[in-house]
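Each reported figure results from applying straightforward, stated rules to the coordinates on display, with no laboratory input. As the structure is a computational prediction, the values presented were derived from the model and not from experiment. Cβ placement follows ideal geometry from the backbone for every residue including glycine, while neighbour counts extend to all protein chains displayed.
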Amino acid sequence: MASVTSLSDTVQQHLASALSAALPEAAGADPLLRRSDRADFQANGILALAKKAKANPRELATQVVSRVVTGDVIEDVEVSGPGFLNITIADRAITENLAARYADESGRLGVPFAEHPGTTVIDYAQPNVAKEMHVGHLRSAVIGDSVVQLLEFTGENVVRRHHIGDWGTQFGMLIQYLDEHPHELDHKAGAVSGEEAMSNLNRLYKAARKLFDSDEEFKTRARRRVVDLQAGEPKTLAMWQKFVDESKIYFYSVFEKLDMEIRDPDIVGESGYNDMLAETCRLLEESGVAVRSEGALCVFFDDIKGPDGNPVPLIVQKSDGGYGYAATDLSAIRDRVFNLKANTLLYVVDARQALHFRMVFETARRAGWLNEDVTAVQLAFGTVLGKDGKPFKTREGETVRLEDLLDEAVERATAVVREKAEKVGLSEQEITENGRYVGIGAVKYADLSTSAVRDYKFDLDQMVSLNGDTSVYLQYAYARIQSILRKAGEARPAAHPELGLAPAERALGLHLDQFAETVLDVAAGYEPHKLAAYLYQLATLLTAFYDQCPVLKADTPEQVENRLFLVDLTARTLHRGMALLGIRTPEKL
Ligand code: ARG
C-alpha cells in the first residue's frame, strides 16, 4: 500500500464518528479540522452544528470529547473556548506516519491519486507565429506547465494543446513578400539559433509591413494571397509552412531556456481547425444558436452589452465569409470534446481575453457541446508589471523580449551562485548549470507564488534574493539538507518512533504530513501559488528546526538517525513540490 492516510484524515474520521455518536443527526457533518497554533489541530465545526440542533455548544463538545478514542493517534483532546476542540497528536504517530511516506517506493511520498480522474485538455503556451514572445506568453507557459505536472501527478489524463497563432490575414502580406524576395528566410549552412530565426522573421515582417503600407499594388497582391492561403493553394501553403517552421525554431529555443518540455504533436495551432470551421458555423446556424445579422453570423447574449448599451455579439463568421478567432476556438472545443474525449477544458490565457472565453463557452453550452459532464474553465492570469507598477516595458516603451529577460535572470543568478561556489566546491560547469536552474527557477517561482489572476511586479533583485519567499531560498534549503546527508558519514536516516519529538520537530512533521492534501487541493483548484506557499512554509519550519535541533550532533545515535530521516523526507518533499512547479533543486548550491 503506497498511499498513506494523513494524520489529519485519521483525526477527522475519529472526530466524525465521535460526533455522530454524540449527536446522531450530525452524521456525516464536517468537524472543520484545521492546523492550529494552540494545539496540533483545532476543530471548529461543533459550534454551528450545536446551533442547528439547538444544543449547548460546550456541552456537545464535551460529549464529543468523551467519545473520541484516544491512544494510538490522538494523545489528547479537550474543549476550548465556546466549543472548539483542541487535539494533540502522539509523537509516535507522527513519526510512524512520516516513516510510511518515506518508505513509499513510488516516489509519491504517500500521496494518493485523485478519486475521480478524468481527461483534461489544457490550452497553454500559445505564442504567435512570426512574432516575438512576450511576458504574457511566459505566464501562460509557466502556469500551464505547473498545472500539467500537478494534474498528471494526481492521475489525471492530460492532453496538452499549444494553440499557437499560425493563421490569419497577416500571413497574406508575409507570404507575398517572401514570394517576391525568395531568399529572405534562407539559412547559412549549419544549425540556426532561435535568436537568428526570430531576427529573420522580424526583419521580414518589418520590410513586408513597410511595403504594405506604402505600395497599394503590393497591398492588393497581399490580399489576394490571403484568399489563396485559405483556399489551400499548394505553393502558398508551402511558404506559409516556412514561417511556421522558422517560428518553431525560435519557440523551441525559448522553451528550452525555460527548461520546459514542449512536444511537437501537442502544437495544434489555429490552422489545425481549418477543416472544421464551415461545419461549426453550419451547426450553430442550424440549431439557431447563431443568427445572421448584417451578413455576419453572430451569437447574442442578454448580459453582454457595449458601452453604448447595444448588445455585443460573438462574431463566428464575418460578412465577407472569413472566419476569426471565435470560430477557431469553437471548433477546437468540438475537437477536444468529441475527439479527445475531454471532461475538462482548461485555458491558461490572459485575463484580458475573459470576455472572449465567456462568450465562446456560453455559445458551446447552448450548442450542447459543453454540459454538466464537460466543463470549460479559463485559468485567467494577470499582467506582468515593471518595478514602476505599470505594464512591463523597456525604457524605450517597447515590449520586453522574453529571451533578454531570461538571460538577465540567469546572469544575476549565476553571480549569486558564484559567490558561494568556492565554499561549496562547485566546478565551473556546475556554476553554469546551477546559475541556470536558479535564474529560471526564480522567474517561474515569482510567477507561480502569487495567485494567477493577480498582476505581479517583475523585479529581478527580489527574485534572486536569498532571503524571503523566493525559489532560491527553497533551493538552498534543499541543498543544505543534501550537504548534511553527505557529511553524515556512517549514520543513515532511520525513523525511531519511540523517541519523543521536540516542538520544532513536531511542527515540521505535521507540515510534512499535509503535503498530500495540499497537492490534491492545489491540483483540483489549479492554484500553484498555494503549493508555493506550502513549500515556503516548509523551508521556514526547517530553518526553525535547525535552530533548535542539532542533527549530526544530536544526543544519541538514534536521535541523529531520526533527525536525518526527518530532513531527508523534507528534502524529498521540497524536491517533489518544486518539480510540480517546474523548478529544479540542485544537489549542491
Ligand atoms: N495566441 C493567443 C495570444 O497570443 C493565445 C491563444 C489562447 N488560446 C486560445 N485557445 N484562444 O494571445
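With 0.36 nm allotted per residue and the present C-alpha distance subtracted, the A524-T432 stretch has 29.5 nm of extension available.
Out of all DSSP beta bridges in the chain, what portion is antiparallel? Express it as a percent rounded to 5. The antiparallel proportion sits near 50 percent. Taking a ≥ b ≥ c as the square roots of the eigenvalues of the alpha-carbon gyration tensor, segment 7-89 is classed prolate because a/c is 1.5 or more and a/b outweighs b/c. For the pair S319 and V69 in one chain, pulling the backbone fully straight at 0.36 nm per residue adds 82.7 nm over the alpha carbon distance.
Tell me, how many Å apart are the Cα centres for segment 327-375 and for segment 228-284? Comparing the Cα centres of segment 327-375 and segment 228-284, I get a distance of 20 Å. Among the chymotrypsin sites (Phe, Trp or Tyr not before Pro) within segment 96-128, those in coil by DSSP and having at most 16 neighbouring Cβ atoms inside 10 Å are F113. Put simply, the amide H of C298, placed in the peptide plane, has neighbours under 5 Å in V291, R292, S293, V316, leaving out anything fewer than 5 places away on its chain. Shape of the chain from its Cα gyration tensor (a ≥ b ≥ c, root eigenvalues): rounded if a/c is under 1.5, otherwise prolate when a/b > b/c, or oblate? Verdict is oblate for the chain. For segment 460-524, GluC sites (Glu not before Pro) meeting the loop criterion (DSSP other than H, G, I, E, B) and having at most 10 other Cβ atoms within 10 Å: E490, E498. Residues in segment 28-43 carry Karplus couplings, in order, of x, 6, 8, x, 6, 8, 9, 5, 9, 6, 7, 9, 5, 9, 10, 10 Hz; the curve used is 6.51 cos²θ - 1.76 cosθ + 1.60 with θ = phi - 60°, and Gly or Pro positions show x.
For G386, the residues 5 or more places off, or on other chains, whose built amide H falls under 5 Å of its own are F392, K393, F458.
Could you tell me which of rounded, prolate or oblate describes segment 230-275, using a ≥ b ≥ c as the square roots of the eigenvalues of the alpha-carbon gyration tensor, with rounded for a/c under 1.5 and, failing that, prolate when a/b is larger than b/c and oblate otherwise? Here segment 230-275 falls in the oblate category. For the chain, relative contact order (Cα pairs under 8 Å, six or more residues apart, normalised by length) works out to 15 percent.
The GluC sites (Glu not before Pro) of segment 99-175 meeting both criteria, a DSSP state outside H, G, I, E and B (loop) and at most 14 other C-beta atoms within 10 angstrom of the site's C-beta, are E105, E115. The lysines whose alpha-carbon is closer than 23 Å to the alpha-carbon of K457, local same-chain residues fewer than 8 away aside, are K257, K387, K390, K393, K444, K530.
Take the chain and mark each of the trypsin sites (Lys or Arg not before Pro) that is in a DSSP loop with at most 14 other Cβ atoms within 10 Å; the longest unmarked stretch, sites excluded, is 55-187.
Taking the number of Cβ atoms within 10 Å of each Cβ as an exposure proxy, the fewest-first ranking of V268, V438, V159, V453 is V453, V159, V268, V438. Each helix, a run of at least 4 DSSP H residues, gives -39500 (n - 2.57); summed and divided by the residues of the chain, these come to -17000 deg cm²/dmol at 222 nm.
Here D186, D513 are placed in order of increasing Cβ neighbour count within 10 Å, fewest first, which gives D186, D513.
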